[in-house]
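Report on the following structure.
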Amino acid sequence: MRIVFFSFLFLFIAELSVIILPESVLASVALPLFAFSAVWYLSGRLNMSVLAGVYGGVSAALLSLVPGGFPEHISVFFAVVAWYAFMRAVADRRPRGVALISFIEVLVFYFVMLAWYAFSHVSLFFALIIIALGTALIFFNSVTTVCELGMRLRLRLFAFSLGVSVIMAELFFVFSRLPLHIANIDFLLFFVYYIVWDATTRYFSSRFTKRALIINILLLFLGFSTVLAFVRWLPSL
């Protein structure tokens with residue numbers, strides 16, 4: 001019952017932001033704070049609560065990009081469905097389910113930043129800072145959700161997360177220069193993120209093997225090959 005109630009509140013805040021206060025920063029503030037508080041109330045775990053807060057912020061940012069009318073309400077609907085799935089995974093103590101929603105966060109997060117950078121004239125420096133910060137938050141907290149780590153390993157993971165965030169910011173800079181649609185760049189960034197995330201969770205859970213490394217490299221190559229083989233290259237500006 002609590003999950004349904006919190007999902008209804010998420011829907012209410014999102015619809016309020018797109019119907020009544022479309023130009024307000026209400027959603028940008030209210031959705032992250034509400035999402036963080038709701039998951040903290042349910043689980044009492046900081047890592048899951050941070051992931052929820054980032055999800056709220058990413059949802060608010062996405063809604064700000066969607067054209068008004070029917071597409072906006074469809075976006076709200078899917079955001080609420082994913083939020084319900086996130087809350088259910090938290091309540092049922094299924095860390096893999098929480099991690100799955102974090103992948104959706106990453107995919108939407110990179111797409112939003114690419115769209116802002118391409119169409120809203122956001123400065124490259126600001127975009128890279130947000131990319132690095134968001135990646136570090138999602139990466140660190142999603143890995144600690146799946147892996148039970150002591151303080152020493154958490155500190156090591158934190159340092160590693162900062163390194164990953166820098167790498168993803170650099171790739172964002174490089175890929176954004178390619179004559180590709182932002183959706184294609186989004187998937188390229190996500191492939192790299194997922195492969196690094198999977199290798200990291202295996203390493204910190206003592207399941208990292210040469211076979212897993214080879215499979216990850218093959219998956220990365222397959223993902224890049226698929227995207228680059230079927231995209232329509234945009235003319236150089």
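Remarks
- Inter-residue pairs, beta-carbon under 7 Å, first farther than 16 Å from PHE103 by Cα and in the range 54-68, second assigned to a helix (DSSP H, G or I) and open to solvent by 50 Å² or more (accessible area, probe 1.4 Å), 6+ apart: ALA60/SER28
- Count of residues meeting criterion [open to solvent by 40 Å² or more (accessible area, probe 1.4 Å) and farther than 18 Å from ALA30 by Cα] in the range 59-68: 2
- Qualifying residue in the range 37-47 (condition: among the β-branched types (Val, Ile, Thr) and within 16 Å of VAL106 (Cβ to Cβ)): no
- Screening the candidates SER64, SER102, SER75 for the property of being at pLDDT below 85 and assigned to a helix (DSSP H, G or I) yields one hit, SER64.
- Of all residues in the range 166-183, those that are in contact (Cβ under 8 Å) with a residue 60 or more places away in the chain and not hydrophobic (A, V, I, L, M, F, W, C) total 1.
- The condition of being touching a residue at least 24 places away in the same chain (Cβ under 8 Å), of a type in the set (Val, Ile, Thr) and either part of a helix (DSSP H, G or I) or buried (at least 20 other Cβ atoms within 10 Å of the Cβ) (or both) does not hold for VAL81.
Here's the yes/no breakdown for (1) under 17 Å from ILE182 (Cβ atoms); (2) among the polar types (S, T, N, Q):
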residue	(1), (2)
TRP83	no, no
LEU100	no, no
ALA115	yes, no
SER120	yes, yes
LEU133	no, no
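- Residue check, SER75 of a type in the set (S, T, N, Q), surrounded by fewer than 20 Cβ atoms within 10 Å (Cβ to Cβ) and touching a residue at least 12 places away in the same chain (Cβ under 8 Å): yes
- Test: residue in the range 91-108 that is open to solvent by less than 30 Å² (accessible area, probe 1.4 Å) and over 17 Å from TYR193 (Cα atoms): yes
- Flag for TRP116 being open to solvent by 60 Å² or more (accessible area, probe 1.4 Å) and closer than 17 Å to ASP186 by Cα: yes
- Selected residue (only one of LEU33, LEU16, LEU46, LEU42 is open to solvent by 20 Å² or more (accessible area, probe 1.4 Å), over 26 Å from THR144 (Cα atoms) and not charged (D, E, K, R)): LEU16
- THR201 meets each of the listed conditions (1) open to solvent by less than 40 Å² (accessible area, probe 1.4 Å); (2) at pLDDT below 90; (3) part of a helix (DSSP H, G or I); (4) under 25 Å from GLY97 (Cβ atoms) apart from (2).
- Residue in the range 18-29 that is at pLDDT 80 or above and on the phi < 0 side of the Ramachandran plot present: yes
The values are calculated or read from the model by the stated rules, or taken from the named source; none is laboratory data. These numbers come from a predicted model, not from an experiment. A quick note on method: Cβ atoms are made from the backbone with ideal geometry, for glycine too, and the neighbour counts reach across all protein chains shown. Calculation scope for accessible area: heavy atoms of the full protein, side chains included, ligands and nucleic acids excluded. Shrake-Rupley method; radii C 1.70, N 1.55, O 1.52, S 1.80 Å.
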